[in-house]
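The structure appears below as structure tokens.
The values are calculated or read from the model by the stated rules, or taken from the named source; none is laboratory data. Everything numeric in this text was worked out from a predicted model, so none of it was measured. Neighbour counts are summed over all protein chains in view; Cβ atoms, including those assigned to glycine, are modelled from backbone coordinates with ideal geometry. The area values use the complete protein model at the heavy-atom level, side chains included, leaving out ligands, DNA and RNA. Shrake-Rupley method; radii C 1.70, N 1.55, O 1.52, S 1.80 Å.
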Amino acid sequence: MCYAIPGKIEAFDNKMVVVDYFGEKKKAYNELDGLSIGDYIYAQGGYAIAKIPEDEAKSILAVWKETFFELQEVDLKLSRLDLNQESVSGEFLRILDKASEGKKLSPDELLILIKEKNKPALELLFKTANFLRQKHHKNSCCVHGIIEISNYCRCNCDYCGIAKGNKNITRYRLTCDQILEAARQAIQEHGFKALVLQSGQDAGYSIEELAEIIRKIKVNWPALIFISFGEVGLDNLKILYDAGARGLLLRFETSNPKLYKQVTAGKDLSSRIAHLKKAYELGYMVITGGLIGLPQQNEEDLLNDILLTKELHAQMYSFGPFIMHPQTPLAKHPSPEVETVLKVIAISRIIDAANAKILVTTALETLNPDARREALLSGANSVMLNVTPLEYRSLYNIYPARAHESESIEAQINDAIGLLMSLGRSPTDLSV
Ligand code: SAH
């Protein structure tokens, strides 16, 4: 199974290549040498990743062609929007109608959406977001892999199970060889075209070691590499970019500076934001977002979180629910409702309809196993599978009993692909 469809190069346009997929033209940044018109490539997250031999590309395309258009049709059917609902207020319907036409909503209108509690109204909000997702992104859905390379962390955030202050967990740090082997398996054996490398803020790897790991992955098994090592320092972001990392996954957690300080044992939000801005300047694809359900966080805060994500030029939104960990200061704090998370996803889609890729987070799936499906039908179009070696997976214990903690990579892939197909989604990344 592949997570990107081979495309044929039609033209070159400065640093971009124009790629044809069954008649649809897409653009991707090209950093590969020696490409020519007529070559087949994989592209992911807007980057050309690798050239593929023509025979191989043609045989993959032959398999895809049969299902590609069928899937699009299923998706189109599931995305139809009918805004006639007697049980929903005229004002709410008017706002959704405006959103569905792509018009910008006012802050007051957005607040009405995020404060809504009535079920039929929320159903329509989710459907509107799904309609917009289909309209702008068709049925493509990115499937990325994540390797959690270490659970050491020098931070002491109140919500997080791997915080430095938690003395009751087993710490692990994969060796460079273990990381390379996990990346090889994910890319070469399982077909992933995009991989996130994540850890706590771990001083155990030098920046040169991290850069070397990225370089080795890129040389041996071409893929789009995202880093998620926390705040590595602005200069180090450049070093990792030069090594070949092209995405930064770094949540700002909350856009409310007071709340951020309170839940991160006194850290300053401005430092996270500076990293995100610097990453964008350097050319990284930015993935950010926040935690939903922090103590004293209100609906205005959540709306500001979405707006900040857009302001930071995020190409991918990552919002997940807080889930309590018994060995943290927030051990007694409840998780938010699944519906609150779906609301944030749907409003993110409405606010940044044409650009955003929106992730279904593991934390949301942990709250409710059916939530991945619900989120994909509420504006989301991206999933991340955990490809950390199984013996370490449960040790990345930011909260207990994470979804997919003990599932093999094969089982996760089969599950995800089965669900995507049932919703008419292609496990590919065609959008730029
Ligand atoms: N060191 C990296 C990665 C941290 S772990 C960084 O600083 O970005 C990845 C994410 O897990 C965090 O950004 C946080 O939003 C989330 N997380 C931590 N504890 C959590 C909890 N108890 N419930 C849900 N998500 C949590």
(message) Before I look further, what does segment 258-313 give for accessible area per residue, probe 1.4 Å, in whole square angstrom?
(response) 41 Å²
(request) Using the structure shown, select from Lys8/Lys65; Lys103/Lys278; Lys25/Lys65; Lys27/Lys103; Lys8/Lys310 the pairs with a Cα to Cα distance greater than 23 angstrom. (result) Lys103/Lys278; Lys27/Lys103; Lys8/Lys310
(request) Heavy atoms only, probe 1.4 angstrom, no DNA, RNA or ligands counted: give me Glu148, Glu374, Glu73 ranked by accessible area, highest first. (result) Glu73, Glu374, Glu148
(request) Taking all protein chains together and a probe of 1.4 Å, list Asp33, Asp370, Asp82 from the most accessible to the least accessible. (result) Asp33, Asp82, Asp370
(request) In a Gaussian network model over the chain where Cα atoms closer than 10 Å are linked, find which of Cys141, Cys160, Cys176 has the largest mean-square fluctuation. (result) Cys176
(request) Out of all DSSP beta bridges with both ends in the chain, state the antiparallel percent to the nearest 5. (result) 40 percent
(message) For segment 11-82 and segment 251-309, what is the centre-to-centre distance using only Cα atoms, to the nearest Å?
(response) 34 Å
(request) Could you run the Karplus curve 6.51 cos²θ - 1.76 cosθ + 1.60 with θ = phi - 60° over segment 67-80 and give me ³J(HN,Hα) per residue in whole Hz, x for Gly and Pro? (result) 8, 3, 6, 4, 4, 4, 5, 4, 4, 4, 4, 6, 9, 4
(message) Given a 10 angstrom Cα cut-off, can you work out which residue in Gln201, Gln297, Gln85 is the most mobile in a GNM of the chain?
(response) Gln85
(request) Can you tell me the alpha carbon radius of gyration of segment 198-352 divided by the globular rule-of-thumb value 2.2 N^0.38 Å? (result) 1.09
(message) Is the C-alpha gyration tensor of segment 79-135 telling us rounded, prolate or oblate? Criteria: a/c under 1.5 is rounded; beyond that, a/b larger than b/c is prolate, otherwise oblate.
(response) oblate
(request) Using a 1.4 angstrom probe on heavy atoms only, work out the carbon and sulfur share of the accessible area of the chain in %. (result) 51 percent
(request) Counting residues in segment 128-173 as N, plug N into 2.2 N^0.38 Å and put the Cα Rg over that result. (result) 1.97
(message) Placing one identical point scatterer on every Cα of segment 313-371 and ignoring solvent, what is log10 I(q)/I(0) from the Debye formula at q = 0.17, 0.18, 0.19, 0.26 Å⁻¹?
(response) -0.61, -0.66, -0.72, -1.04
(message) Can you compute the helix-only [θ] at 222 nm over the chain? Use -39500 (n - 2.57) per DSSP H run of at least 4 residues, normalise by all residues, nearest 500 deg cm²/dmol.
(response) -12500 deg cm²/dmol
(request) Please list the radius of gyration and Dmax for segment 1-119, considering alpha-carbon atoms only, with Å as the unit. (result) 21.0, 60
(request) Could you work out how far apart the two model spin labels at Asn156 and Lys310 are, taking each label as a point 7 Å from the Cα in the direction of the beta carbon, and quote it in nm? (result) 3.8 nm
(message) Just to be sure I understand: with springs between alpha-carbon atoms less than 10 Å apart, which residue in Glu391, Glu208, Glu54 has the highest mean-square fluctuation in the Gaussian network model of the chain?
(response) Glu391
(request) Hey, can you find the accessible area per residue of segment 79-135 for me, probe 1.4 Å, expressed in square angstrom? (result) 54 Å²
(request) Pop the C-beta distance of Glu10 and Ser87 into the FRET formula with R0 = 51 Å and round what comes out to the nearest 0.05. (result) 0.55
(request) Please work out whether segment 129-260 counts as rounded, prolate or oblate from its C-alpha gyration tensor, where a ≥ b ≥ c are the square roots of the eigenvalues and a/c under 1.5 means rounded, while otherwise a/b larger than b/c means prolate and anything else oblate? (result) oblate
(request) When you have a sec, figure out the Kirkwood radius of segment 139-422 from all distinct Cα pair distances and drop it here in Å to one decimal? (result) 18.8 Å
(message) For a quick check of your reading of the filter: which chymotrypsin sites (Phe, Trp or Tyr not before Pro) in segment 1-109 sit in a DSSP loop and have no more than 16 other Cβ atoms within 10 Å?
(response) Phe22
(request) Enter the accessible area of Phe131 (Å², nearest 10), with the probe set to 1.4 Å and all protein chains included. (result) 60 Å²
(request) Give a residue-ordered list of calculated ³J(HN,Hα) values for segment 27-40 (Karplus: 6.51 cos²θ - 1.76 cosθ + 1.60, θ = phi - 60°; whole Hz; x for Gly, Pro). (result) 10, 9, 5, 10, 10, 8, 8, x, 7, 10, 4, x, 5, 9
(message) Under 5 Å between amide hydrogens, which residues at least 5 positions from Tyr47 or on another chain qualify, with H placed 1.01 Å from N in the peptide plane?
(response) Tyr29
(request) Only loop residues by DSSP count here, and only those with at most 16 other Cβ atoms within 10 Å; note down the trypsin sites (Lys or Arg not before Pro) in segment 312-371 that meet that. (result) Lys332
